[in-house]
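Down below is the structure, laid out as C-alpha cells.
Nothing in this text is a laboratory measurement; each read-out follows from the coordinates by a stated rule. Since we're looking at a predicted model, the values are computed, not measured. When we count neighbours, we look across all protein chains shown, and the Cβ atoms used for this are built from the backbone with ideal geometry, even at glycine.
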Amino acid sequence: MRHRKHSNQLGVKKEHREALLANLSTALITHGKITTTLKKAKALRPFVEKVITLAKDGSLHKRRIAISRVRDTAAVHELFEEKVEQFRDRNGGYTRIYKLGTRRGDAAEMAIIELIDAEDEGYAKKSKPKSKAKRAAKPAAKEEAPSEEEAAPEEEEVAVAEEAPAEEAAPEPEEAEVEEAPAAEAKEEAPEPEASADADADADDSDDTAKEKKGE
C-alpha cells in the first residue's frame with residue numbers, strides 16, 4: 001500500500017518515472033531552463049534540488065550518487081564543477097516554476113522551470129492585506145481624537161467660568177469685617193452707663209457727708 005506517499009506519480013511505473021526525471025534533470029542542468037507540463041515540473045523540482053544538494057557537498061561518494069540518479073556524466077560534471085557555486089549561499093529553493101497556461105490540443109497546463117541565479121534575490125514579500133475591521137477602526141480613531149481635543153478646551157472654559165464666580169465671591173469677608181467693626185464700637189460704648197452710674201453714686205455719697213457735717 002502507498003499510504004501517505006504524495007509524490008507525483010505522473011501516471012507511469014517507477015522505472016519509467018525515474019528515466020523521465022533523469023532526462024528532464026539533464027536538460028535543466030545543461031540549459032538552465034526548460035518548458036514542460038506543470039505536473040512534470042512539480043515532480044522534477046524536488047528531484048533536481050536533491051541532486052544540487054549532493055553537488056554542494058562535492059565528495060566522490062556524492063558525485064557517484066548523483067550520476068546514478070541523473071545518468072549523464074557530463075551533466076553531473078558540469079553541475080559539480082561549475083554551476084554549484086551559484087548555490088553555495090542559498091539554503092534550498094534552487095529552482096523556480098512559472099505557469100504558462102494550457103497547451104493547445106490537449107489543454108495540458110504548461111510551465112517553465114529554471115535554475116535560480118546567485119544574484120537573484122527573489123520576490124519581495126507582500127504585506128498582508130488589512131482586514132475591513134481594522135480599516136474601519138482607523139477612521140473612527142481619527143474622528144475620536146479631534147473630539148477629545150475639542151472637549152479639552154470646553155472643560156478648561158468651564159473650569160475658568162467656575163473660578164471667576166469664586167473670585168467674585170471672595171470680597172464677602174471684607175463686608176463681614178465692616179459689619180463686625182460697628183459691633184465692636186457698640187461693645188466699647190456699652191460700659192459708659194456704668195461709669196455714669198458710679199459718678200452719680202459718688203455724688204450722692206458726697207451730699208450725705210455734707211448733710212451730716214451740717215447736722216453736727
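Quick notes on this one:
- Pairwise label distance in nanometres, Asp106 with His31, each label 7 Å out on the Cα-Cβ vector: 1.8 nm
- Annotation: amide H-H contacts under 5 Å for Leu100 (H modelled 1.01 Å from N, sequence separation of 5 or more, or interchain): Met110, Ala111, Ile112.
- Full extension of the chain between Ser131 and His16 yields a length gain of 36.5 nm, computed as 0.36 nm times the residue separation minus the alpha carbon distance.
- When the convex hull of its Cα atoms is projected in every direction, mean area for the range 21-146 (nm²): 12.4 nm²
- For the set Lys14/Lys62; Lys5/Lys39; Lys42/Lys99; Lys50/Lys83, the pairs lying more than 19 angstrom apart at their alpha carbons are Lys14/Lys62.
- Expected-Rg normalisation [2.2 N^0.38 Å, Cα atoms] applied to the range 35-108: 1.29
- Summarising the label geometry, the points placed 7 Å from Cα in the beta-carbon direction at Lys5 and Thr53 lie 1.9 nm from one another.
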